[in-house]
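Colleague: First the structure, which I've put down as structure tokens, then a few questions once you've had a look.
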Amino acid sequence: GSVLFLHGWSDYFFNVALAQFWTGQGFRFYALDMHNHGRSLQAETPGGYVEHLDDYDAEISKTIEMIRACDPLGEAPGPLTLMGHSTGGLVAALWVSRHPGAVQFLVLNSPWLEMHGSSMVRRAAQTMVKPLARFRPKTILRLPERGFYYRSISSSAEGEWLLDDKYRPPLAFPMRAGWLSAVLSGHTRVARGLGIDIPILVLISGASANGMVWQESMRHSDAVLDVNTMAVRAMTLGRTVTLERVDGGLHDVFLSAGPVRADAYARLARWIHGYISSGPQPEPPAGLERGGTGDVP
């Protein structure tokens with residue numbers, strides 16, 4: 001099988017260890033730097049900007065088409081897993097819901113499925129941003145800037161990961177009205193239920209850490225999103241959702257401290273072996289389709 005990874009907003013693919021994990025499990029691993037991100041940045045376009053999350057459809061579909069066409073052994077393509085982080089997790093879930101049958105498994109790493117707190121916060125934000133998004137979509141929203149997550153992961157600060165600041169700036173790309181409106185619209189679709197019919201794994205930290213000043217707890221919690229809101233929204237994705245809480249995890253659980261990310265990888269491996277690599281499923285016992293009583297003859 002194969003895996004296609006979608007990064008988060010104001011981010012790009014750099015976690016070689018994640019690719020090595022998947023290849024070690026027997027998969028071919030691919031990652032896409034989506035337009036206006038990472039290696040796909042264009043000098044004349046605002047970083048990270050998109051006016052509708054469906055605008056990523058063409059590049060995701062084309063990438064999957066290329067993956068399907070380049071099997072090195074010329075064999076029939078195996079199962080395809082789509083994996084997304086944060087905003088990339090939201091994009092991945094929405095894409096799968098609108099392209100049934102295109103992929104067989106979905107893995108979401110701290111997906112941004114809802115605003116902090118509740119849907120009421122989202123609706124209030126939509127009311128405020130909608131006029132700007134309609135008439136001046138590229139207006140930069142002057143919101144408080146926090147670099148706490150970057151501080152926890154970058155080797156140029158207090159983390160252990162070598163990041164390219166051009167692709168992943170410490171304070172992220174400027175947030176624009178059209179982009180925020182696109183994300184809020186995606187959250188609304190998730191809240192209504194996506195009806196995804198393939199197995200889904202959602203990995204999140206065990207706790208969130210919010211605030212406008214640095215806290216030591218931000219070294220071992222999600223300093224970006226509300227994990228409890230994520231957990232609730234995960235249940236609206238589809239019928240088969242596995243939720244794994246990774247105690248001590250950062251916003252990207254696979255960038256956490258060594259023992260914590262080892263736990264995250266172990267949980268991912270367990271899910272892979274349970275759902276993807278488990279082989280053919282046994283036939284159900286005879287009589288169940290008739291609502292049998294279970295009597296032993």
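Colleague: Restricting to segment 161-190, name every residue that is touching a residue at least 40 places away in the same chain (Cβ under 8 Å) and open to solvent by 40 Å² or more (accessible area, probe 1.4 Å).
Modeller: Within segment 161-190, L162, D164, K166, Y167, P174, R176, S185, R189 qualify.
Colleague: Which of the residues spanning segment 212-249 are touching a helix residue (DSSP H, G or I) at 6+ places or on another chain (Cβ under 6 Å) and under 17 Å from G8 (Cα atoms)?
Modeller: Scanning segment 212-249 gives A223, V224, G249.
Colleague: Of the residues that sit in segment 20-53 and are among the charged types (D, E, K, R) and surrounded by 17 or more Cβ atoms within 10 Å (Cβ to Cβ), which one is nearest to H273 (Cα to Cα)?
Modeller: R28
Conditions tested, residue by residue: (1) open to solvent by 50 Å² or more (accessible area, probe 1.4 Å); (2) under 19 Å from Y150 (Cα atoms); (3) at pLDDT below 95.
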residue	(1), (2), (3)
L237	no, no, no
R245	yes, no, no
A266	yes, no, no
P284	yes, no, yes
E289	yes, no, yes
G294	yes, no, yes
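Okay, residues lined up against (1) outside any loop (DSSP other than H, G, I, E, B); (2) more than 30 Å from S155 (Cα to Cα); (3) modelled with pLDDT of 95 or more:
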position: Q20; (1), (2), (3): yes, no, yes
position: Q42; (1), (2), (3): no, no, no
position: T45; (1), (2), (3): no, no, no
position: S61; (1), (2), (3): yes, yes, yes
position: I67; (1), (2), (3): yes, yes, no
position: E75; (1), (2), (3): no, yes, no
position: M83; (1), (2), (3): yes, no, yes
position: L90; (1), (2), (3): yes, no, yes
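Colleague: Going through G274, G258 one at a time, which residue ends up being more than 20 Å from V103 (Cβ to Cβ) and not hydroxyl-bearing (S, T, Y)? Lay out the reasoning, then the answer.
Modeller: Details: G274 fails: more than 20 Å from V103 (Cβ to Cβ).
Criteria check complete, one pass: G258.
Colleague: Now, a different point. Report yes if some residue within segment 2-10 is under 19 Å from the mean Cα position of the chain (by Cα) and either more than 25 Å from I196 (Cα to Cα) or without any contact (Cβ under 8 Å) to a residue 40 or more places away in the chain (or both); otherwise report no.
Modeller: yes
Colleague: Give me a count of the residues in segment 112-157 that are assigned to a loop (DSSP other than H, G, I, E, B), at pLDDT 80 or above and closer than 24 Å to V253 by Cβ.
Modeller: 6
Colleague: OK, next. Looking only at segment 91-101, filter to residues that are within 13 Å of P199 (Cα to Cα) and small (G, A, S); which one of those is least open to solvent (accessible area, probe 1.4 Å)?
Modeller: A93
The values are calculated or read from the model by the stated rules, or taken from the named source; none is laboratory data. From a predicted model like this one, the values you see are computed outputs, not experimental measurements. Note that each Cβ is placed from the backbone with ideal geometry, even for glycine, and that neighbours are counted across all protein chains shown. SASA here: full protein model, heavy atoms, side chains in, ligands and nucleic acids out. Shrake-Rupley method; radii C 1.70, N 1.55, O 1.52, S 1.80 Å.
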